[in-house]
1. Within 10 Å of each Cβ in B:67-74, how many Cβ atoms from other chains are there, averaged over the peptide?
2. Measuring nothing but label to label, 7 Å from Cα along Cα→Cβ, what are A:Gly100's distances to the other copies in nm, shortest first?
3. Each label point is 7 Å from the Cα along the Cα-to-Cβ direction; what then is the distance between the points at B:Arg171 and B:Asp53, in nm?
4. When each copy gets a label point 7 Å from Cα toward the beta-carbon at A:Asn267, what are the spacings between them in nm, shortest first?
5. With θ taken as phi - 60° and the coefficients 6.51, -1.76 and 1.60, list the Karplus ³J(HN,Hα) couplings across segment A:145-155 in order, rounded to whole Hz; mark glycine and proline as x.
6. List every residue whose amide H lies under 5 Å from the amide H of B:Gly140, counting only residues 5 or more places away in sequence or on a different chain, with H placed 1.01 Å from N in the peptide plane.
7. Projected onto the charge dipole of segment A:3-267 (+1 at Lys/Arg Cβ, -1 at Asp/Glu Cβ, origin at the Cα centre), which of A:Leu234, A:Ala265, A:His80 gives the Cα projection farthest towards the positive end?
8. What translational D, rounded to a whole number of µm²/s, comes out for segment B:3-269 from Stokes-Einstein when the hydrodynamic radius is the Kirkwood one over Cα pairs, at 37 °C and 0.692 mPa s?
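Each value in this text was obtained by applying a stated rule to the coordinates, not by laboratory testing. All values reported here derive from a predicted model rather than from experimental measurement. All Cβ positions, glycine included, derive from the backbone under ideal geometry; neighbour counts span all protein chains shown.
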Number of protein chains: 2
Amino acid sequence: MDFVAALRAAWRERDSLLCVGLDPDPARFPASLAGRPDAVFAFCRAIVDATADLVCAFKPQIAYFAARRAEDQLEALIAHIHARHPGVPVILDAKRGDIGSTAGQYAEEAFARYRADAVTVNPYMGRDSVEPYLAWRGKGVILLCRTSNPGGADLQNLDVGGEKLYERVARLVATEWNSGNNCALVVGATFPAEIACVRALAGDMPLLVPGIGAQGGDIAATVAAGQTADGAGLAINSSRAILYASAGEDFADAARRAALAMREAINACRAVGC
Amino acid sequence: MDFVAALRAAWRERDSLLCVGLDPDPARFPASLAGRPDAVFAFCRAIVDATADLVCAFKPQIAYFAARRAEDQLEALIAHIHARHPGVPVILDAKRGDIGSTAGQYAEEAFARYRADAVTVNPYMGRDSVEPYLAWRGKGVILLCRTSNPGGADLQNLDVGGEKLYERVARLVATEWNSGNNCALVVGATFPAEIACVRALAGDMPLLVPGIGAQGGDIAATVAAGQTADGAGLAINSSRAILYASAGEDFADAARRAALAMREAINACRAVGC
C-alpha cells in the first residue's frame with residue numbers, strides 16, 4: 001500500500017487521528033506475561049487487537065525490541081498487524097540517519113525485513129542520507145523536524161538566517177525531498193506554536209505528533225495548530241498512556257478505553273469531521 | 001575498559017590511528033563463503049584477525065547486520081574481538097538519536113547487549129537525547145558533527161549566528177556534554193578545513209574520521225588538520241578499501257596488506273610518532 005494514501009484513508013474510514021506507539025517495556029507488563037519468551041509480542045499483539053479499529057496507525061519503536069534481542073517478535077508483530085488489520089499502516093520508529101550506502105541497508109531493514117509502511121529518519125546528514133528511503137516507492141519517510149523533548153531546542157531552534165533550523169528542515173522536505181509525495185514530518189505536541197509554523201510550511205503533508213499523554217502535550221492546542229482544512233493531517237501519537245493504562249491483567253481493555261477516550265478528545269477538537 | 005583511555009593506549013601501543021570499519025556486504029564476499037549461514041561473522045572475523053595488530057579500533061556498522069537478520073553474528077563478532085584482541089576498542093556505528101526514555105533502550109542495546117565500548121550518536125535531538133549514553137561510565141559517546149557525505153552540508157554548514165551548525169555541535173560537546181571525558185566527534189575526511197575548525201574547538205578530544213579510501217578523503221590533509229600535539233587524536237576509518245581489497249579467497253591477506261599500507265601512509269604524515 002502507499003503509506004500517505006493509506007494514512008489518509010485511515011483518518012477518514014476510522015474517524016481517528018490517533019496513532020498508538022508500541023514501546024514495550026517488560027517491567028510494566030502484567031504478571032501473567034512474566035518470564036514468557038514471547039512476552040513482548042504477546043503484550044503488543046493484545047494492545048493492537050484491542051485498539052486497531054480506533055487508530056490511524058501503529059508505531060512500534062525499534063529500540064524497545066533491539067535492547068532485548070526481540071527483533072523476531074517485532075517481525076511477527078508487524079506481520080500480525082498486516083494480516084489481521086489491513087489498512088492500518090505501520091510506522092517503524094527508528095530515527096535512522098547515515099550516508100547513502102549505509103542508509104540503503106537501513107531502508108532494507110525497515111521496508112524489506114520488517115515490512116514497515118513508513119520509517120522515521122533523522123535529517124542531520126542531509127539529502128543523500130534520505131534518498132535511499134525515498135527510492136522505495138509507496139513507502140513513507142517521516143523526517144524529524146521539531147522533536148518533543150526539552151533538548152530538542154538545543155539545535156532545532158537555532159536561527160539559521162531568518163528562520164529556525166526546524167523550519168529549514170520543513171522547507172527542505174516540502175520543497176525538495178517530497179517530490180514523490182511520500183514524506184511526513186515529526187513535530188512534538190509539546191510546542192503547538194511550532195506545529196503551526198511547520199503546518200504553514202508543509203502544506204497538507206502529514207505530521208506525526210508525539211508528546212501527547214506522558215509527555216504532557218495539549219490535545220486542543222495540537223489539533224488547532226496542526227490540522228488541515230479537512231480536519232485531518234495529523235497522526236497524534238500516544239504510547240505509554242495507552243499501553244500502561246492498567247498494570248493489571250485488564251491491560252488490553254484499559255488500553256482500549258484509553259484509546260477511545262483519546263480519539264474522542266482529539267475528535268472533539270477537530271474543525272471538521274473527516 | 002574506559003573507551004577514551006583504551007583508544008589513547010591503542011594509538012600509542014599499536015602505533016596506529018587506523019580504525020577498520022566492518023560493513024559486511026555478502027555480495028562482495030569470496031565464493032567460499034556463499035550460502036554459509038554464518039558468512040557475515042566468518043568474513044568479519046577473518047578481517048579482524050588479519051588486521052587487529054594494525055588498528056586502534058574496529059567499527060562495525062550495525063545496519064549491515066540488521067538488514068539481514070544477523071544481529072547474533074554481530075554479538076559473536078564483538079565477543080570475539082574482546083576475547084581475542086583485548087585492548088582494541090569496538091565502536092558500534094549506529095548513529096542513534098531519540099528522546100531520553102528510548103535513548104536509554106538504545107544505550108542498553110549498544111553497551112549491554114552488544115558490549116560495544118563506544119557508540120555513534122546523532123545530536124539533532126539535543127542534550128537529553130544524549131544523556132542516557134553519557135550515564136554509562138567508561139563507555140564512549142561519539143557525536144556526529146560534520147559528516148563525510150555531500151548532503152552533510154545541507155544542515156551542518158548552515159550559519160547559526162557567527163558559526164556553523166557543526167561548530168556549534170563541537171562547542172556544545174566540548175564545553176557541556178563532555179564533562180565525563182567520554183565524548184568524541186565524527187568529522188569527515190572529505191573536508192580537512194572543517195577538521196581543523198573542529199580540532200580548534202574540541203581540544204584533544206578524539207575525532208573519528210570516516211571518508212578515507214572509497215569516499216576519497218585525503219590522508220595528509222586529514223592528519224595535518226586533525227592531529228593533536230602528540231601526533232595522535234584521530235581514529236581514521238577505512239571500511240571498503242580494506243574489506244574488499246581483494247574479491248578472492250585471499251581477501252584477509254589483502255586486507256592486511258591494505259591496512260598496513262594505510263597505517264604507514266597515515267604515520268608518514270604525523271608530526272610526531274606516538
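1. 3
2. Here the equivalent label points are 4.0 nm apart from this one.
3. Here the modelled spin labels are 4.7 nm apart.
4. Distances to the matching label points in the other copies: 7.2 nm.
5. 3J(HN,Hα) across segment A:145-155, in whole Hz: 10, 10, 8, 7, 7, x, x, x, 6, 3, 10.
6. Under 5 Å from the amide H of B:Gly140 lie the amide H atoms of B:Phe3, B:Ala118, B:Val119, each far enough along the sequence or on another chain.
7. Comparing the listed Cα positions along the dipole, A:His80 ranks first.
8. 178
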